[in-house]
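My structure is below; once you've seen it, I'll send some questions.
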Amino acid sequence: MAGLRLFSIVLLALLASCAQIGTLGGGEKDESAPKPIEKKTQPANETLLFSGNSVSFEFDEYVQLNNPQQTIQLVPNHARPVASLSKKTLTVSWSEQLQANTTYVLYLDGAVKDVTEGNDTLIKYVFSTGNTIDSLSYSVQLKDAFSNQPKENCIVGLYTDFDSLTPLYFARTNKQGFAKFDYLKAGTYFLKGFQDENKDLKLQAFEAQGFRSEPFDINESLIDSIPLLVSSPLAKRKIRALKYAAPGSCFITANYDLSNKTFQIEDKVFSKEELIFHSTDSVQLFYTPKDQTILKAIVSGEDEYDTLTTRITERDRRAPLRFISKLTNNELGPHEQFTFELSSLISTVDTSKFKLINTADSSEIKHIIRVEGNKVIIDFDRTKIKEVKLELEKGAATSTTGQLTEALSTIVKVKIAKEYGTVFVDATDFSTPIIVELLQNGKVVSSALLLSDFKTSFTYLTPGEYQFRIIEDNNQNFKWDPLIPFTKEQAEKVYFYTTVSKVRANWEIDVQLKPLN
């Protein structure tokens, strides 16, 4: 049974070469990986009735070991291999008793490299403790549950017990996310895949993972047509970040709902009027530090008490108070307010220091100024005006701490409704709550939660190309939820529609979105 057909040697990659010091010129670079001499491998590949506890490989050149604890693996995982190297001979041994009538595969996945160039190899050595070699195979693809992209370098395991942490058989996914099992015994298995972050071949609660809770039978070689979807489990409830935005704001973000929590920075407890929620898990607090270098925030509630700190730098202390435009590309649509924000609450404005000019004829435009918390809103008659210039003198606004705003000059294009397009979405083929997301260049432009009607529209869209994503929002929390291992709940389904919808000015288009297989 000799021959290359029986001994699987696969060249994985050519690693960077090591420089040969003291040599000028020389021969061609060695780009071949070390190869075991088949007739000197003991016992021979595909040995039956294997009863020993070691295998030795003699290579065609001198080699060096490469992290053998992680690169040498026995499947099924019934023993822990130990490697030793003497000149050109590698010996892999184990102390555990192997199971009877079982086919084993010993993988040397980059375990040996040549001494000079560092080329490595994948070696697959097969033997059986019975009188036959199991020959079934199984292939499956792993994909990210949210992006639907292939997951590379993940462990896929076949388990005889769903609650087991260590797989009986395992394989690693390639760049296309595929994992293939060879030399399998017919049987009933559970399937799991995971990102093995600590390289211990055990599924940890914190690792990105996917699973099928129902067992399946492998009685013949099988290529699974249904990908296994992988996601990171929902993290423990915690405050993600405390960020100071000089000179007078702090932003707190969490992975849970903050809307009913109490917020405190140093000795100041904030009222609802001093908070702005940008989403249920992100809140802005208006606070100007005094002379402290460390800022401490506390978030508390019935079941939470979290603390977080951030550092205040001298640059932060010297930061000027500036108006920030919330417009995209300095374009003001008919659906938008002409708004500027500060990182501090506004105490007063000096309207004499606001000047709005029509750039077409340099005439001054009458306007009304409104103040809402940290925002200045400028209202004016936009009829027949295509572009305006806003000039603000220093001190146009004063914060509640007495700081004056810096001067500002900016030009803004005034758009009309005919310069935008509209998309009508029909998702009536769905029957459970969904989130419809409108994407441009991979970023969410707008979204809508549909509970029953399953029709929506996206208006005032800048002409361009758009795509769609639908999330089955089973718990109606208006966000995608990953899998929950303890309850065996799968991640919420995500459908990405790759067909581009072209939006044109003053056009309305209809898009029908159906569940994808």
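The values are calculated or read from the model by the stated rules, or taken from the named source; none is laboratory data. Remember, it's a predicted structure, so these values are computed and weren't measured experimentally. Don't worry about glycine lacking a Cβ; one is built from the backbone with ideal geometry, like all the others, and counts go over all protein chains shown.
Of all residues in segment 89-127, which are under 16 Å from Gln73 (Cβ atoms), part of a loop (DSSP other than H, G, I, E, B) and of a type in the set (A, V, I, L, M, F, W, C)?
If the condition is that a residue be under 16 Å from Gln73 (Cβ atoms), part of a loop (DSSP other than H, G, I, E, B) and of a type in the set (A, V, I, L, M, F, W, C), then Trp94, Leu98 are the ones that fit.
Okay, moving on. Could you tell me which residue of segment 162-174 is surrounded by the most Cβ atoms within 10 Å (Cβ to Cβ), considering only residues that are touching a strand residue (DSSP E or B) at 6+ places or on another chain (Cβ under 7 Å) and not β-branched (Val, Ile, Thr)?
We begin by selecting, within segment 162-174, every residue touching a strand residue (DSSP E or B) at 6+ places or on another chain (Cβ under 7 Å); these are 162, 167-173.
Cutting the leftovers down to not β-branched (Val, Ile, Thr) gives us 162, 167-172.
Working: Phe162: 15, Pro167: 25, Leu168: 19, Tyr169: 22, Phe170: 23, Ala171: 23, Arg172: 15.
Among residues in segment 162-174 that are touching a strand residue (DSSP E or B) at 6+ places or on another chain (Cβ under 7 Å) and not β-branched (Val, Ile, Thr), the one surrounded by the most Cβ atoms within 10 Å (Cβ to Cβ) is Pro167.
Still on this structure: Tell me the strands (runs of 3 or more DSSP E) entirely within segment 418-517 that contain at least 3 residues that are of a type outside the set (Phe, Trp, Tyr) and under 21 Å from the mean Cα position of the chain (by Cα). Quick ask: steps written out before the conclusion?
On the way: elements: 421-426, 434-440, 443-450, 455-461, 464-472, 494-503, 508-512.
The strands (runs of 3 or more DSSP E) meeting that bar are 434-440, 443-450, 464-472.
Could you tell me which residue of segment 80-108 is surrounded by the fewest Cβ atoms within 10 Å (Cβ to Cβ), considering only residues that are within 22 Å of Phe59 (Cα to Cα) and of a type in the set (Lys, Arg)?
In this case the residue turns out to be Lys87.
Then there is this: Among (1) out of contact with any strand residue (DSSP E or B) (no Cβ under 9 Å at 6 or more places or on another chain); (2) farther than 30 Å from Ile324 by Cβ, where does Tyr495 come up short?
(1)
OK, next. Of the conditions (1) surrounded by 17 or more Cβ atoms within 10 Å (Cβ to Cβ); (2) in contact with an Asp or Glu (Cβ under 7 Å, 6 or more places away or on another chain); (3) at pLDDT 95 or above, Ile470 clears all except one; give me its number.
In the conditions (1) surrounded by 17 or more Cβ atoms within 10 Å (Cβ to Cβ); (2) in contact with an Asp or Glu (Cβ under 7 Å, 6 or more places away or on another chain); (3) at pLDDT 95 or above, Ile470 misses (2) alone.
Among Gly177, Gly193, Gly187, which is surrounded by 14 or more Cβ atoms within 10 Å (Cβ to Cβ), among the small types (Gly, Ala, Ser) and touching a Pro at 6+ places or on another chain (Cβ under 8 Å)?
Details: Gly193 fails: touching a Pro at 6+ places or on another chain (Cβ under 8 Å); Gly187 fails: touching a Pro at 6+ places or on another chain (Cβ under 8 Å).
Exactly one residue qualifies, and that residue is Gly177.
Additional query: Could you list, in sequence order, all residues of segment 407-439 that are surrounded by fewer than 16 Cβ atoms within 10 Å (Cβ to Cβ) and free of Cβ contacts under 8 Å to residues at least 60 places away in the same chain?
Answer for segment 407-439, where residues must be surrounded by fewer than 16 Cβ atoms within 10 Å (Cβ to Cβ) and free of Cβ contacts under 8 Å to residues at least 60 places away in the same chain: Ala407, Ser409, Thr428, Ser431, Thr432.
While we're on this one: If only one of Phe458, Phe486 is surrounded by 15 or more Cβ atoms within 10 Å (Cβ to Cβ), without any contact (Cβ under 8 Å) to a residue 40 or more places away in the chain and hydrophobic (A, V, I, L, M, F, W, C), which one is it? Step through it out loud before you land on a result.
Numbers: Phe486 fails: surrounded by 15 or more Cβ atoms within 10 Å (Cβ to Cβ).
Selected residue: Phe458, the only one of Phe458, Phe486 that is surrounded by 15 or more Cβ atoms within 10 Å (Cβ to Cβ), without any contact (Cβ under 8 Å) to a residue 40 or more places away in the chain and hydrophobic (A, V, I, L, M, F, W, C).
Evaluate the following for Gly395: is it in contact with a helix residue (DSSP H, G or I) (Cβ under 8 Å, 6 or more places away or on another chain) and part of a loop (DSSP other than H, G, I, E, B)?
On the way: in contact with a helix residue (DSSP H, G or I) (Cβ under 8 Å, 6 or more places away or on another chain): yes; part of a loop (DSSP other than H, G, I, E, B): yes.
Judged against the criteria, Gly395 is a match.
Moving to a separate point now. Scan segment 189-199 and tell me whether some residue there is part of a strand (DSSP E or B) and among the charged types (D, E, K, R). Step through it out loud before you land on a result.
Start the filter on segment 189-199 by keeping residues that are part of a strand (DSSP E or B), which leaves 189-194.
Among the residues that remain, those that are also among the charged types (D, E, K, R) are: 192.
Looking for residues that are part of a strand (DSSP E or B) and among the charged types (D, E, K, R), one finds at least one in segment 189-199, hence yes.
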